[in-house]
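Okay, structure first, notes after.
Throughout, read-outs are computed from the coordinates displayed, never taken from laboratory work. No experiment lies behind these values; they were computed from the predicted model shown. Please note: Cβ atoms are built from the backbone with ideal geometry, for glycine as well, and neighbour counts cover all protein chains shown.
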Ligand SMILES: C[S@@+](CC[C@H](N)C(=O)[O-])C[C@H]1O[C@@H](n2cnc3c(N)ncnc32)[C@H](O)[C@@H]1O
C-alpha cells in the first residue's frame with residue numbers, strides 16, 4: 001500500500017477506537033470508561049506522532065498513557081501502531097491544550113511529558129511550560145505531579161528553568177546534553193521523536209528537565 005495522505009489520515013483517525021476528539025464526556029472517567037483500571041495516567045502534551053506515549057506504554061504496562069495534540073493526522077501514526085499491537089494502556093485525544101481542564105478532572109493525571117514543543121520565541125503566553133499552562137496542568141493532576149521536558153531549544157530550556165526557579169519547584173533531573181550523560185535513563189535515550197531525530201541530524205544538543213509541579 002502506498003503512503004497514506006494527510007486527508008486520509010484525518011478521516012481514519014476519527015474512526016479509531018483509541019482516539020477521542022474534544023471528549024468532555026470522559027472528564028473524570030478515563031480510568032473507568034477508557035482504561036478500565038485504576039493505574040496512574042500520564043499525559044504526553046503536544047505528542048505529535050506519539051512516540052513517547054507508545055514507547056513509555058510499552059515499557060510501563062502498569063501505567064496508562066494519553067497522547068494529546070490538535071493535529072489528527074500526526075496522532076494517526078501512534079494510534080494506528082497502538083491498535084495494531086493491541087495496546088490497552090494507550091489512548092489519544094485531539095484537543096487544544098489551552099482548554100485542557102475541560103477534558104480532564106482534578107486528580108486525574110499523575111505525570112506529564114512534553115517533547116520538542118514549539119519554542120514560541122516571540123510569544124511567551126504560548127510556551128507550554130509558562131506559569132499559566134502549569135496552573136492548568138495542576139488543575140487536573142494529583143498533588144505534586146511530575147513534569148518531563150525534552151527539548152532541543154536552549155532558550156526554551158533556560159526559560160523553563162527560570163519558571164522553575166521563580167516558583168521554587170523541586171528539580172529531579174536537569175541535563176543540558178543528554179547523550180553525554182553516563183546514567184541516562186534507557187527510555188530517554190532510546191525513544192526518539194520525529195522532531196528529535198531532525199534536531200539530532202542538525203547537530204543540536206538535547207536537553208531534559210524533570211521536575212515536580
Ligand atoms: C514541534 S511539534 C513536536 C511533536 C512531537 N512531540 C515531536 O517531538 O515530534 C509540536 C506539536 O505540538 C502541537 N501543538 C502545539 N500547540 C498545541 C496546543 N495548544 N494544543 C495541542 N497541540 C498543540 C502541534 O500540533 C505539534 O504536533
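Things worth noting here:
- Straightening the chain between residue 205 and residue 179 buys 8.6 nm, computed as 0.36 nm per residue apart minus the Cα-Cα spacing.
- Kirkwood Rh and Cα Rg combined as Rg/Rh, the chain: 0.94
- Taking 172, 97, 140 in turn, the Gaussian network model of the chain (Cα-Cα springs below 10 Å) assigns the largest fluctuation to 172.
- Length-normalised contact order for the chain - Cα pairs under 8 Å, 6+ apart - percent: 20 percent
- Model label sites at residue 158 and residue 186, defined 7 Å from Cα along the beta-carbon direction, differ in position by 3.6 nm.
- The fewest-to-most ranking of 93, 121 by surrounding Cβ atoms within 10 Å reads 121, 93.
- Inverse mean reciprocal Cα-Cα distance (Kirkwood Rh) of region 2-111, Å: 13.7 Å
- Top of 14, 32, 193 by mean-square fluctuation, Gaussian network on the chain, Cα under 10 Å: 32
- Averaging Cα coordinates gives a centre for region 91-120 and one for region 1-44; these two points are 13 Å apart.
- Over region 156-213: Kirkwood hydrodynamic radius from C-alpha pairwise inverse distances, Å: 12.5 Å
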